[in-house]
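A short worksheet on the structure shown next.
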Amino acid sequence: KALDILRSRQPWLITSEALDHFVARTAAFATGQIFREDPPSHPLLDIDERIGIVHLHGPLSTEDAITAVRQTATYEKVDAILLDVDSPGGTAMGTAELAEAVADASQEKFVYAFTGGLMCRAAYWVASQSDAIYASPSARVGSIGVIIPFLD
């Protein structure tokens, strides 16, 4: 139907750049180069060239991350999963479950983790369940340990 609109030779009230983009996206859709179904949507998830990118930034929000990892693992149009990590860790509650979700995903697709900043404590535990971990030379990776804060 979109191609019929383009072929109708009707005037458009649109910038030429936007029309060019629309034409390119329509052609890509028609030839199967972009998704024919809606990809999973999640605030922590991006899909780029058949790679599902799960963003784990800041203190970990395990419930959201588990959902994003599971959606990506079951989506057929994704060939691999990248955990984009920049996190000092998070609470102990939920970390084991997120690590398990990553381990389960690695049974379905290749999962790798990358950090250019921090991949510490809980974030490192989660990333350790991926097939490979990569880090920039200045990244801080590891720092396994537990902190129990209390007020005296």
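We did not get these values from a lab; they are worked out from the coordinates using the rules stated. If you're wondering where the values come from, they're calculated on a predicted model, not measured in any experiment. Backbone-built Cβ (ideal geometry, glycine too); neighbour counts: all protein chains shown.
Close amide-amide hydrogen proximity is noted between residue 110 and 81, each under 5 Å apart and 5 or more residues distant or on a separate chain (H modeled in the peptide plane; Pro and chain starts excluded).
Please go through the range 102-152 and write out the chymotrypsin sites (Phe, Trp or Tyr not before Pro) that DSSP classes as loop and that have at most 13 other C-beta atoms within 10 Å.
Numbers: sites: 110, 112, 114, 124, 125, 134, 150; in loops: 150.
In loop regions of the range 102-152 (DSSP not H, G, I, E or B), the sparsely surrounded chymotrypsin sites (Phe, Trp or Tyr not before Pro) are 150.
Annotation: amide H of residue 87 within the under-5 Å range of 58, 118, 119, 120, sequence separation 5 or more or interchain, hydrogens built in the peptide plane. Remark on residue 133: its backbone amide H falls under 5 Å from those of 113, a criterion applied only to residues 5 or more positions apart or on other chains, H modelled at 1.01 Å from N.
Residue 112 to residue 93: extension gain in nm, 0.36 nm per residue of separation minus the Cα-Cα distance?
On the way: separation 19, 0.36 × 19 = 6.84 nm, distance 2.31 nm.
Full extension from residue 112 to residue 93 adds 4.5 nm.
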